[in-house]
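The values are calculated or read from the model by the stated rules, or taken from the named source; none is laboratory data. Computed from a predicted model, the values in this text were never measured in an experiment. Ideal geometry is used to build each Cβ from the backbone, glycine not excepted, and the neighbour counts take in all protein chains shown. Accessible surface is based on the protein model in full, side chains and every heavy atom, while ligands, DNA and RNA are left aside. Shrake-Rupley method; radii C 1.70, N 1.55, O 1.52, S 1.80 Å.
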Amino acid sequence: MLKGKHILLHVTGSISCYKACELTSLLVKEGSEVQVTMSEGALKFLQPAVFEGLTHRESLTPGMFERKPDCIPHITLSQKWADLIVIYPASANCISRLASGLCDDLFGAVFLANNFEKPVLLAPAMNSAMFAHPATVENLKKLEAWGTKILPTDEGRLACGSVGYGKLISPEKMLEFILDVDKRK
């Protein structure tokens, strides 16, 4: 169902970002073209080569204008290339940055340049206390009011050892949400 679809996958610095590798593999198996962007935090957990091997495309990192020949990748990716934008996992930092309108890196600029012309799916991932913090709650409400589809988190054992909400949904569940968006088009 996703054959030929262009999916922009933004990976942020959460311990659960390893699940983005499996999601990428699932999307490629479905026939979609996946362009991965990685936050500075994601680069502390994973190397771009992991996604490059799965997608056969260069992973894009935070330096906004470092890609040639396209000197305006934030416009090209958001307005011309992507059919869907997926943030998986979305760390508390990423959520806060997007809700503040920061665009001092590639993905922040992509997010603003898209202006919700293309669907945006956001899958939060963080400690339960961080997820329940009023700043995170307000930021998620703001992003949702602007048009971002905020996905649920799972409940379970978190990387810190506590149990609660904030756990990133599985790659398979994420794929279901992506397929659901594609059906509505």
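Placing +1 on each Lys and Arg Cβ and -1 on each Asp and Glu Cβ, with no other charges, gives the range 78-167 a dipole about its Cα centre of roughly 60 debye. Listed by chain and number, the aspartates and glutamates whose alpha-carbon sits under 13 Å from that of K5, ignoring those within fewer than 8 places in the same chain, are E30, E33, D83, D182.
Backbone geometry of the range 131-137 corresponds, through the Karplus equation with coefficients 6.51, -1.76 and 1.60 at θ = phi - 60°, to 3J(HN,Hα) couplings of 5, 8, 4, x, 5, 5, 4 Hz, x marking Gly and Pro.
Applying the criteria of a DSSP loop state and at most 15 other Cβ atoms within 10 Å to the GluC sites (Glu not before Pro) of the range 6-57 yields E40. Amide H to amide H, with H built 1.01 Å from N, T37 comes under 5 Å of L9, H10, V11, L60, counting only residues 5 or more places away or on other chains. Shape of the range 137-179 from the C-alpha gyration tensor: oblate (a/c of 1.5 or more and a/b not above b/c, with a ≥ b ≥ c the square roots of its eigenvalues).
About its Cα centre, the dipole of the range 1-155 is roughly 200 debye, where the only charges are +1 on Lys and Arg Cβ and -1 on Asp and Glu Cβ. With contributions of -39500 (n - 2.57) from each DSSP H run of at least four residues, the per-residue ellipticity at 222 nm computed over the chain stands at -11000 deg cm²/dmol. Expressed as a whole percent, the proportion of Cα-Cα pairs in the range 1-99 lying more than 23 Å apart is 20%.
For the range 33-185, the solvent-accessible area works out to 48 Å² per residue, with a probe of 1.4 Å and every protein chain left in place. Within the full protein context, the accessible area of R97 is estimated at about 60 Å² for a probe radius of 1.4 Å. Per atom type, the chain shows carbon and sulfur on 56% of its accessible surface, probed at 1.4 Å. Of the residues I72, I87, I169, the one that moves most in a GNM of the chain with alpha-carbon contacts below 10 Å is I72. Cross-link check: pairs K80/K142; K19/K44; K29/K149; K29/K80; K118/K173; K142/K183 evaluated at a Cα-Cα cut-off of 19 Å; pairs beyond the cut-off: K80/K142; K29/K149; K29/K80; K118/K173; K142/K183. For F45, the accessible area of its heavy atoms, probed at 1.4 Å with every protein chain present, is near 100 square angstrom.
The ratio of the alpha-carbon radius of gyration of the chain to the globular-protein estimate 2.2 N^0.38 Å is 0.95. When the residues K118, K173 are ordered by accessible surface, computed with a 1.4 Å probe over the protein chains alone, the sequence from largest down reads K173, K118.
Positive end of the dipole of the chain (Cβ unit charges, origin at the Cα centre): among G161, L27, A135, the Cα lying farthest that way belongs to L27. Each residue, L112 and K3, gets one label point 7 Å from its Cα in the Cβ direction; the gap between the two is 4.0 nm.
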